[in-house]
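Remarks on the structure that follows.
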Amino acid sequence: MSETLKLIHQAKIDEAARIAKVLANPTRIQILNLLGQSRLNVSELIQALGSEQSTVSHQLQKLRAYELISQERIGKSIYYQLDDPHIIDTLNQLLAHVDHVLLGEDHSGRHVSKSIDVDE
Ligand SMILES: [Zn+2]
């Protein structure tokens, strides 16, 4: 039995923990949720989040530093996008699990992507 159990390589588990830590922030989860729906610039994110520019810029910088999002200049605006399918899937799985926990849904594997309401 035990010889069939496999541990994750240390470097890989360290990286997984590092990425999980970046995800462990409400504003960053909300930004990823929004960018999962559309490519957005800072102004659009500020409006959607109802947050200060400094907060949004700081979190975008962090998400970019950890390569969870990318940016692209279009005209005079810089747009942010979530273009990594693993991160999109991870976010969707996390939110589906949250629905399962909050709403008592089963583990049907059904794709449940629910936006989190912004407190205003
Ligand atoms: Zn679950």
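In a residue-by-residue description of the range 29-40, the property of being small (G, A, S) and surrounded by fewer than 14 Cβ atoms within 10 Å (Cβ to Cβ) applies to at least one position. Taken together, D99, D84 contain a single residue that is surrounded by 11 or more Cβ atoms within 10 Å (Cβ to Cβ) and in contact with an Asp or Glu (Cβ under 7 Å, 6 or more places away or on another chain), which is D99. Report yes if some residue within the range 36-47 is more than 20 Å from R73 (Cα to Cα) and among the aliphatic types (A, V, I, L, M); otherwise report no. No, the range 36-47 has no match at all. Against the definition (at pLDDT 95 or above, exposed (fewer than 14 other Cβ atoms within 10 Å of the Cβ) and of a type outside the set (G, A, S)), how does R64 come out, yes or no? Yes. Among the conditions (1) modelled with pLDDT of 95 or more; (2) within 19 Å of D83 (Cβ to Cβ); (3) of a type outside the set (F, W, Y), the only one that Q37 does not satisfy is (1).
The rows are residues; the columns are (1) in contact (Cβ under 8 Å) with a residue 60 or more places away in the chain; (2) within 14 Å of the chain's Cα centre (by Cα).
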{"residue": "L5", "(1), (2)": "no, no"}
{"residue": "A11", "(1), (2)": "no, no"}
{"residue": "R18", "(1), (2)": "no, yes"}
{"residue": "S43", "(1), (2)": "no, no"}
{"residue": "A48", "(1), (2)": "yes, no"}
{"residue": "Q53", "(1), (2)": "no, no"}
{"residue": "E67", "(1), (2)": "no, yes"}
{"residue": "K76", "(1), (2)": "no, no"}
{"residue": "Y79", "(1), (2)": "no, no"}
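The values are calculated or read from the model by the stated rules, or taken from the named source; none is laboratory data. Here the structure is a predicted model, which is why all the values come from computation and not from measurement. So basically every Cβ, Gly included, is an ideal-geometry build from the backbone, and we count neighbours across all protein chains shown.
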